[in-house]
Amino acid sequence: MASRSPHTRIPLVGGNWKMNTTRAAGLELSRAIAAAARANPAAEVAIYPPFPYLAAIAELAAGAFRVGGQDCSAETSGAFTGQTSAGMLIDTSCSSVLIGHSERRHGLGETDAILTRKLARAIEAGLMPVLCVGETLAERESNRAHDVIDAQLRGSLAGHPEASLANLVIAYEPVWAIGTGRTATPDDAAEAHRTVRQTLADLYSARFAERTRVIYGGSVNAKNAADLFSHEEIDGGLVGGASLNAADFATIIAAAAARCQA
Ligand code: 13P
């Protein structure tokens, strides 16, 4: 295990439910997550349920964990059928939002130019933005992972001053590891996280880079979480499939909390 620097980054575990669960199953899962979050106060927990369930889950959470949207609009309000504004998320007791998940970058063609505007709306509303970056398998195999991560960060953060990014979280999610059962090794993930911090230091300041949480996503599960989170560069995880299983997600939360005691 790498030695721990005396940073004060609070570990964060996000559960991205994607387009899964029903209202009843989501509420049941949320009760178990609230108990796990309360039992592990050293870690911060955030859940990103489907939009229709946000209000009910935010009410149930009662502050035990953050509730967030899986996306928000680049617009504030108006004739944008099907979109949800950052202000509406706040109005639904959400406190966070995912921006630029690869399933939106690659599945829906969201560009950095759109994402920088979504980020602006999230910040204006007062949400904690979790900006997702990560390379595809082809990009990794052609040794372009570093350049892709750097370019995504520069593109998505364009025009945002350091002072507006105090709550920013970066999620490194290599596309080849999402939902595939193929996890980046802790060393691979840590190397990518160092790339993230280099870019943040270059764009802003070394202090900002050191303070900003960088979490890993891509087939995090109950078995590999402790190993990943033991690395000083990895401040927690953004979890898909395993966040739908209460026992597995509780184990992942406990692994993140244990990072503080290590
Ligand atoms: P999996 O954990 O299912 O690989 O999904 C990761 C993810 O996309 C989280 O946002």
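Summary of computed values
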quantity: Taking N as its residue count, the alpha carbon Rg of segment 180-248 over 2.2 N^0.38 Å; calculated: 1.19
quantity: Spherically averaged projected area of segment 81-131 from its Cα convex hull (nm²); calculated: 3.5 nm²
quantity: The chain, accessible area per residue, ligands and nucleic acids excluded (1.4 Å, Å²); calculated: 42 Å²
quantity: For segment 25-164: rounded, prolate or oblate by the Cα gyration tensor [a/c cutoff 1.5]; calculated: prolate
quantity: Table column - 3J(HN,Hα) (Hz), segment 36-46, Karplus curve with 6.51, -1.76, 1.60, x for Gly and Pro; calculated: 5, 5, 5, 6, 10, x, 6, 10, 9, 10, 9
quantity: Amide H contacts under 5 Å for residue 47, placed H, 5+ residues apart; calculated: 15, 66, 67, 68
quantity: Efficiency of FRET from Cβ geometry, residue 162 and residue 75, R₀ 30 Å, rounded to 0.05; calculated: 0.75
quantity: Surface share of carbon and sulfur [accessible, 1.4 angstrom probe, percent] for segment 1-147; calculated: 54 percent
quantity: ³J(HN,Hα) computed for each position of segment 187-193 - Karplus, 6.51 cos²θ - 1.76 cosθ + 1.60, integer Hz, glycine/proline x; calculated: 5, 4, 5, 4, 5, 5, 5
quantity: Estimated FRET transfer efficiency (residue 124, residue 93; beta-carbon r; R0 22 Å; 0.05); calculated: 0.80
quantity: Accessible-area order (highest first, 1.4 angstrom probe) of the listed residues 128, 88, 19; calculated: 19, 88, 128
quantity: Cα-based shape type of the chain, given that a ≥ b ≥ c are square roots of the gyration tensor eigenvalues and the cut on a/c is 1.5; calculated: rounded
quantity: Prolate/oblate/rounded call for segment 93-163, Cα gyration tensor, a/c under 1.5 rounded; calculated: prolate
quantity: Cut-off under 5 Å, modelled amide H: who pairs with residue 171 long-range; calculated: 131, 132, 133, 215
quantity: Computed magnitude of the charge dipole of the chain (debye, nearest 20; Cβ of K, R +1, Cβ of D, E -1); calculated: 460 debye
quantity: Under-5 Å amide H pairs with residue 12, H placed in peptide plane, nonlocal only; calculated: 44, 236, 237
quantity: Calculated FRET efficiency for the pair residue 247/residue 205, C-beta based, R₀ 41 Å, to 0.05; calculated: 0.50
quantity: Net +/- balance of residues flanking residue 137 in space, Cβ distance below 14 Å, scoring K and R +1, D and E -1; calculated: -2
quantity: Mean residue ellipticity (222 nm) of the chain, computed from DSSP H runs ≥ 4 via -39,500 (n - 2.57), nearest 500; calculated: -12500 deg cm²/dmol
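The values are calculated or read from the model by the stated rules, or taken from the named source; none is laboratory data. Keep in mind the model is a prediction, meaning the values are calculated, not measured. In this analysis, Cβ positions are derived from the backbone assuming ideal geometry, glycine residues included, and neighbour counts consider all displayed protein chains. Accessible surface areas use protein heavy atoms only, side chains included; no ligands, DNA or RNA. Shrake-Rupley method; radii C 1.70, N 1.55, O 1.52, S 1.80 Å.
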